[in-house]
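Data block below; observations after.
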Amino acid sequence: GKKAGGDFLYDWIQEPGRFRPSTRMPQFFGLWGHLGDDHAKAEDSDNRHRKFEPVEIQSMVAYLQDRTQGFEYLEPPAGISESTKEQRVTRGKALFQERGCLACHSHQDFPGMEEYRDPQQSVQGPDLSNLAGKFGSERNSNGPRWLYSWIKEPTRYHARTVMPDLFLGPIEKKDAKGKVLEVTDPVADIVEYLLAGQTDWKPLAQEVQSDQINALLEVYLEDGYAVAKPDIMKRGFAPARAERLQGHERELGVSQADYDAEKPLSDAQKLRYLGRKSIAKYGCYG
């Protein structure tokens with residue numbers, strides 16, 4: 001939730017290859033070809049995959065955003081000289097090439113790098129050509145701040161990352177006598193370059209309605225709570241019972257006051273339950 005926007009997450013979970021064709025992230029949704037044309041033309045009741053997949057995807061997004069850990073974005077250093085966007089992009093492109101980024105990443109601006117790589121090599125980092133679609137401020141208000149923090153100090157976000165810290169401190173440009181003429185921030189320049197690229201990618205997010213959420217919730221509760229299902233769907237589990245539950249079912253626990261008042265479960269709480277169950281169902285932890 002501190003990194004990617006909800007629309008991006010939905011699109012990414014639904015079909016990872018749409019944003020990044022070279023990704024190693026597998027696709028789990030929309031794989032209906034083996035069901036045949038007759039199945040595709042059947043009534044909605046026989047097309048649960050079409051009806052429930054958007055709910056599962058949206059529930060995963062809701063769960064991931066709700067369970068986001070705290071993260072403090074890094075701020076640029078003081079004393080950086082003024083420069084135009086074009087100047088920052090030009091410097092950033094040069095730094096991207098000179099500081100070794102292409103050893104682990106690909107970019108459409110540097111197609112010639114591929115001839116130097118072993119065809120069997122699995123490039124460690126992802127292709128960065130379309131980052132504007134993911135981190136551009138018009139789609140993700142925190143995107144540029146996250147990208148800046150990541151490049152500046154990768155382990156701040158992910159302690160076990162293999163992304164190296166390149167020690168990109170401010171760069172001073174001096175004259176022959178040693179007088180500082182200009183101070184630039186290489187991290188900000190690289191971010192400016194990466195987010196300046198043009199992309200025609202747009203996320204395909206889909207809103208889900210309460211009746212869709214309730215339909216999938218009913219299916220998931222059928223196995224273990226067929227008798228008590230209507231009551232659980234209406235007001236969840238009382239605290240004493242919720243404490244004895246495991247895993248995703250705890251997401252439907254409510255306070256005693258809400259339970260006694262028969263306060264209806266919110267769609268947000270139902271989505272958290274469905275998201276936690278779906279994440280386990282599809283083996284995301286693998």
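The values are calculated or read from the model by the stated rules, or taken from the named source; none is laboratory data. Values in this document were obtained by computation on a predicted structure and should not be read as measured data. As a convention, Cβ positions derive from the backbone with ideal geometry for all residues, glycine included, and neighbour counts pool all protein chains shown. Heavy atoms of the whole protein, side chains included, go into the accessibility calculation; ligands, DNA and RNA do not. Shrake-Rupley method; radii C 1.70, N 1.55, O 1.52, S 1.80 Å.
Any idea which residue in the stretch 265-279 is farthest from Gln65 (Cα to Cα), counting only those that are open to solvent by 50 Å² or more (accessible area, probe 1.4 Å) and out of contact with any Gly (no Cβ under 9 Å at 6 or more places or on another chain)?
Only one residue tops the list, namely Ser266.
Please go through the stretch 82-99 and give me each residue that is part of a loop (DSSP other than H, G, I, E, B) and either open to solvent by less than 40 Å² (accessible area, probe 1.4 Å) or of a type in the set (Val, Ile, Thr) (or both), ordered by number.
Ser83, Thr84
Mind checking which residues of the stretch 162-214 are more than 22 Å from Tyr148 (Cα to Cα), part of a helix (DSSP H, G or I) and open to solvent by 30 Å² or more (accessible area, probe 1.4 Å)?
Result: Ser210, Asp211, Gln212, Asn214.
So which residues in the stretch 24-81 are assigned to a loop (DSSP other than H, G, I, E, B), open to solvent by 60 Å² or more (accessible area, probe 1.4 Å) and modelled with pLDDT under 80?
Matches in the stretch 24-81: Lys41, Glu43.
Within the stretch 110-126, how many residues turn out to be open to solvent by 70 Å² or more (accessible area, probe 1.4 Å) and under 16 Å from Val191 (Cα atoms)?
Selection size over the stretch 110-126: 0.
Sort through Gln121, Gln87 and tell me the only one that's at pLDDT below 95 and of a type outside the set (Phe, Trp, Tyr).
Gln121
So, in the stretch 82-137, exactly how many residues are of a type outside the set (D, E, K, R) and more than 21 Å from the chain's Cα centre (by Cα)?
So the answer is 24.
Taking the stretch 72-81, which residues are among the aliphatic types (A, V, I, L, M) and more than 27 Å from the chain's Cα centre (by Cα)?
Those that are among the aliphatic types (A, V, I, L, M) and more than 27 Å from the chain's Cα centre (by Cα): Ala78, Ile80.
Search the stretch 138-155 for residues being of a type in the set (Gly, Ala, Ser) and open to solvent by less than 80 Å² (accessible area, probe 1.4 Å), and hand back the single one that is farthest from Glu72 (Cα to Cα).
We begin by selecting, within the stretch 138-155, every residue of a type in the set (Gly, Ala, Ser); these are 141, 143, 149.
Next, from what is left, pick out any that are open to solvent by less than 80 Å² (accessible area, probe 1.4 Å): 143, 149.
On the way: Gly143: 13, Ser149: 9 Å.
Across the stretch 138-155, the extreme among qualifying residues is Gly143.
Examine the stretch 233-253 for a residue that is part of a helix (DSSP H, G or I) and aromatic (Phe, Trp, Tyr), and state whether such a residue exists.
no
Out of Ala242, Ala257, which single residue is more than 19 Å from Asp66 (Cα to Cα), loosely packed, with under 12 Cβ neighbours inside 10 Å and of a type outside the set (Phe, Trp, Tyr)?
Checking each option against the conditions leaves just Ala257.
Name every residue in the stretch 238-248 that is within 19 Å of Tyr220 (Cβ to Cβ) and in contact with a Phe, Trp or Tyr (Cβ under 7 Å, 6 or more places away or on another chain), in order of residue number. Steps first, please.
Kept after step one, since they are within 19 Å of Tyr220 (Cβ to Cβ), are these residues of the stretch 238-248: 241-242, 244-248.
Those that are within 19 Å of Tyr220 (Cβ to Cβ) and in contact with a Phe, Trp or Tyr (Cβ under 7 Å, 6 or more places away or on another chain): Leu245, His248.
Confirm whether Ala132 is open to solvent by less than 50 Å² (accessible area, probe 1.4 Å) and touching a Pro at 6+ places or on another chain (Cβ under 6 Å).
Considered against the rule, which asks whether it is open to solvent by less than 50 Å² (accessible area, probe 1.4 Å) and touching a Pro at 6+ places or on another chain (Cβ under 6 Å), Ala132 comes out as no.
Starting from the stretch 89-108, take each residue that is under 16 Å from Lys152 (Cβ atoms) and list its partners that are hydrophobic (A, V, I, L, M, F, W, C) and open to solvent by 40 Å² or more (accessible area, probe 1.4 Å), counting only C-beta distances under 8 angstrom and pairs at least six apart or across chains.
From the stretch 89-108, the pairs are Arg99/Leu166; Gly100/Leu166.
Glu222: farther than 30 Å from Glu86 by Cβ, modelled with pLDDT of 90 or more and either among the basic types (Lys, Arg) or assigned to a helix (DSSP H, G or I) (or both), yes or no?
Numbers: farther than 30 Å from Glu86 by Cβ: yes; modelled with pLDDT of 90 or more: no; either among the basic types (Lys, Arg) or assigned to a helix (DSSP H, G or I) (or both): yes.
It is false that Glu222 is farther than 30 Å from Glu86 by Cβ, modelled with pLDDT of 90 or more and either among the basic types (Lys, Arg) or assigned to a helix (DSSP H, G or I) (or both).
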